[in-house]
1. Among Leu128, Leu207, Leu106, whose mean-square fluctuation peaks in a Gaussian network model of the chain (Cα, cutoff 10 Å)?
2. Out of [x] 11.7; [y] 14.0; [z] 18.7, which label holds the value of mean projected area of the Cα convex hull in nm² that was computed here?
3. Taking amide H atoms as placed 1.01 Å from N in the peptide plane, list the residues 5 or more away in sequence, or in a different chain, whose amide H sits under 5 Å from that of Arg160.
4. Relative contact order for segment 116-225: what percent, with Cα pairs under 8 Å and sequence separation of 6 or more?
5. Net charge near Ala117: determine it from the other residues with C-beta under 13 Å of the C-beta of Ala117, scoring Lys and Arg +1 and Asp and Glu -1.
6. Over the chain, what is the relative contact order in whole percent, taking alpha-carbon pairs under 8 Å and six or more residues apart?
7. What angle, in degrees between 0 and 90 and rounded to the nearest 10, separates the Cα long axis of helix 197-208 from the longest principal axis of the Cα atoms of the chain?
8. Can you give the angle from 0 to 90° between the axis of helix 10-21 and the longest principal axis of the chain, with both taken from C-alpha atoms, to the nearest 10?
Amino acid sequence: MIVVTGASRGLGAAVVERLRADGEAVLGVSRQPAEESAGLRRCDVSRAEEVAALAGDLRREKHPVTGLVNAAGIASMNLALMMPAATARELVATNLLGTIYSCQQLVPLMVRQGGGAVVNFSTIAVALGLRGESVYAASKAGVEGFTRAFAREVSGLGVRVNCVAPGPVATDLLAGVPEEALEEVIARQVLPRAFAPEEVADLVAYLLSQRSQALSGLVLPVGGV
């Protein structure tokens, strides 16, 4: 089973759809699912106790976890000097700590099965240093640093850890981005265009698969920098 956080919308939903199309057993995790089902459960990854409870349920139910995709994330465009402290805390708690908590609780379940793969999510805003996204980029830069170090920590346990850092992707997160700002970001990429969620999902599926056995500890910018 592959666990995908942030599965109810955006890139998380695209990853779930792609993996299921490949015949994978997938458990989607969402902070606010429309309704829980066998394939979708509620869990706020920013709360360590909820992630621990999810892992405990999977352990008791004897679900073999072979992969983890940390797609849960939030964004807020605001100058750092104007961002409310509560917003900054929420960004770090969801984007960075949520990724850490999920790895802490679910990777041991992979180790019990002989190994697996983790894919974390960052953003091209880290590499480009985008104005108005300093706190968001900081939370995702933490994800990148965690990915590199954690990959070394678990390499001897049969677990690979990589990170994708997409440029602009056609999801609801782009709805509030001014057109001029979006065009500026696209122009700075190696591949100057926006991407479809399915393109990112393809890369995630590859990093989870046996075809990428030689890759770990990487941060892959979708669009190039």
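The numbers here are math on the coordinates, done by the rules we state, and not lab data. All values derive from a computational prediction rather than experimental measurement. Cβ coordinates were reconstructed from backbone atoms using ideal geometry, including for glycine residues, and neighbour counts include every protein chain displayed.
1. Highest fluctuation among the options: Leu128.
2. So the structure-derived entry is [x].
3. Hits under the 5 Å cutoff: Gly116, Ala117, Val118.
4. With pairs under 8 Å counted, the relative contact order is 38 percent.
5. +1
6. Over the chain, the number comes to 21 percent.
7. It is inclined by approximately 40 degrees.
8. Value to nearest ten degrees: 40.
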